[in-house]
Amino acid sequence: MFLYIEDIWFKYDKEFVLKGVDFQISKGETVAILGESGSGKSTILRIIAGFERQQKGIIRLEDQILSSKNKFLLPEKRHIGFVFQDYALFPHMTVKQNIEYAKKGKYKNMLKLVDLEGFENRYPHELSGGQQQRVALARTLAVEPKLLLLDEPFSNLDEMLKDKIRNDLKNILKKAKITTIIVTHDKNDAYALANKIITLKDGKVENIENTKIKVMM
Ligand SMILES: Nc1ncnc2c1ncn2[C@@H]1O[C@H](COP(=O)(O)OP(=O)(O)OP(=O)(O)O)[C@@H](O)[C@H]1O
């Protein structure tokens, strides 16, 4: 196994919002975490990234403990890429500058990966939502993370374009061969992209289902 999530308990204040979450992910998988609003999807992602620390339980990536009772590896030491809902591109930098800021010398390859060759001198406001998302992915993948986390990647995008954008994302993940966790509340996103769907309910894993999609590696 590649990523181990073991008996994670977490509360922001009084009430636990994660109550013993357990799952594992193999290398090359695209896993969707599905669940209603408030079920704890973003929280588990933030704990994996290291933006929050669980009160109980262990997170391991390959043979390294990322966080446990005694250990806490800072987010920047985890080799995990995170793409937020709003993509968070620097508005005053071009596409090329946004990618070069993350990693020098790689923008050409990365723009090829996300099919945006020729867009290097545009500013974020000159791109569509889907294109901005691809730049954000290019920037995150440029540093070659071991694991990619996507929080509601489609929430800001036009319904009409969703099919195309889902397909684009699927192709990029396949080309990049990166293990990915996608948080979504939309079943269609989960079935279109993931080989495994983990459903959270009230801070617990309710169900784990394998889809027909093949694992990439
Ligand atoms: N910073 C915070 N402080 C206190 N409570 C929080 C905080 N962030 C989230 N919560 C609470 O924790 C619970 C889980 O939130 P979380 O954002 O993980 O759910 P989610 O499944 O991602 O929801 P959504 O689909 O609406 O984004 C919710 O009850 C939420 O109100």
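Computing FRET efficiency as 1/(1 + (r/R0)^6) for S37 and D158, where r is the C-beta to C-beta distance and R0 is 25 Å, gives about 0.75. A simple charge model with +1 on the Cβ of Lys and Arg, -1 on the Cβ of Asp and Glu and nothing else charged puts the dipole of region 105-217 at about 580 debye relative to its Cα centre. Contact order, relative form, for region 79-183: 39 percent (alpha carbon pairs under 8 Å, 6 or more residues apart, mean separation divided by residue count). On a straight-distance basis, which aspartates and glutamates could pair with K27 in a cross-link, Cα separation under 15 angstrom, same-chain partners fewer than 8 positions away excluded? Hits, sequence-local ones excluded: E62, D63, E144. For region 167-208, the set of trypsin sites (Lys or Arg not before Pro) satisfying both a DSSP loop assignment and a count of at most 11 other C-beta atoms within 10 Å is given as K177.
As a length-normalised measure over Cα pairs under 8 Å and 6 or more apart, the relative contact order of the chain settles at 29 percent. Separation of region 98-159 from region 13-70 is 25 Å, based on Cα centroids. Note that the chain, at 4 °C in a medium of 1.567 mPa s, gets a Stokes-Einstein diffusion coefficient of 73 µm²/s from its Kirkwood radius over C-alpha pairs.
Assigning unit charges at the beta carbon (Lys, Arg +1; Asp, Glu -1) and nothing else, what dipole magnitude in debye, to the nearest 20, does the chain show about its Cα centre?
720
Go ahead and run the numbers for FRET between K104 and K69, Cβ-Cβ distance against an R0 of 30 Å, rounding to 0.05. So the FRET efficiency works out to roughly 0.20.
Subtracting the Cα-Cα distance from 0.36 nm times the residue separation, let me have the gained length for F90 to K170 in nm, one decimal.
Numbers: separation 80, 0.36 × 80 = 28.80 nm, distance 2.49 nm.
Result for the pair: 26.3 nm of gain on full extension.
Comparing Y123, A88, A176 along the charge dipole axis of region 79-183, the residue lying farthest to the positive side is A176, per the Cβ-charge model.
Looking at region 14-51, the GluC sites (Glu not before Pro) that sit in a DSSP loop and have at most 15 other Cβ atoms within 10 Å of their own Cβ are E15, E36. Taking only alpha carbon atoms, region 79-183 gives an Rg to Rh ratio of 0.92, where Rh is the Kirkwood radius.
Each of K71, K212, K96 was scored by other Cβ atoms within 10 Å of its Cβ. Arranged with the fewest first, they read K212, K71, K96.
The C-alpha radius of gyration of region 42-112, expressed as a fraction of 2.2 N^0.38 Å, stands at 1.39. If R0 is 22 Å, the Cβ-Cβ spacing of K56 and Q24 corresponds to a FRET efficiency of close to 0.80.
Only the coordinates and a few stated rules stand behind these numbers; no lab work does. Because the structure is a prediction, the values reported are computed rather than measured. Counting neighbours? That spans all protein chains shown, and the Cβs are built from the backbone with ideal geometry, glycine included.
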